[in-house]
1. Just need a number here: residues in region 31-48 that are out of contact with any Ser or Thr (no Cβ under 6 Å at 6 or more places or on another chain), under 23 Å from Lys88 (Cβ atoms) and surrounded by fewer than 19 Cβ atoms within 10 Å (Cβ to Cβ).
2. Out of region 45-71, which residues are without any contact (Cβ under 8 Å) to a residue 24 or more places away in the chain and in contact with a strand residue (DSSP E or B) (Cβ under 8 Å, 6 or more places away or on another chain)?
3. State which residue is modelled with the highest pLDDT when the search covers only region 79-105 and only residues that are over 16 Å from the mean Cα position of the chain (by Cα) and not charged (D, E, K, R).
4. Surrounded by 12 or more Cβ atoms within 10 Å (Cβ to Cβ) and aromatic (Phe, Trp, Tyr), is that true of Phe63?
Amino acid sequence: MLALYGEIVISRGHSKKKEDQIMCLAIPSKITQIKNNMATIDVDGVQREASLLLLEDAGVGDFVIVHAGFAIQKIDEAAAMETLKFLKEAAALVEGGGIGRTNDE
């Protein structure tokens, strides 16, 4: 399965420029632990660290959007689950060759 963290390669026409083909995604992440304003976050079993300095009321069990190592927004669980489902479906399409391919490949 395509990793949910990282970069997604997209095609904008036939451009081969890297800046036209890379898109970063903010993936909903569940806070599993908090220590000294640092959260351990989990996405599909992958755990990372994120700073909570930009959020006032994040707690264990909350879902957050993380950008550049900082939790920047809380989201409700239903929205997080819907987004994760969509991203997994999109990843499956990319891996199966259904999207993200150009005629040149």
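The values are calculated or read from the model by the stated rules, or taken from the named source; none is laboratory data. On a predicted model such as this, the values are computed, not experimentally measured, just so you know. Note that each Cβ is placed from the backbone with ideal geometry, even for glycine, and that neighbours are counted across all protein chains shown.
1. So the answer is 4.
2. Result: Gln47, Glu49, Ala50, Ser51, Leu52, Leu53, Leu54, Leu55, Asp57, Gly69, Phe70.
3. Let us first name the residues in region 79-105 that are over 16 Å from the mean Cα position of the chain (by Cα), namely 93, 95-105.
Then drop every residue that is not not charged (D, E, K, R), which leaves 93, 96-100, 102-103.
Values: Leu93: 86, Gly96: 81, Gly97: 71, Gly98: 65, Ile99: 58, Gly100: 51, Thr102: 50, Asn103: 48.
Once the filter is applied, the top-ranked residue is Leu93.
4. Values: surrounded by 12 or more Cβ atoms within 10 Å (Cβ to Cβ): yes; aromatic (Phe, Trp, Tyr): yes.
Yes, satisfied.
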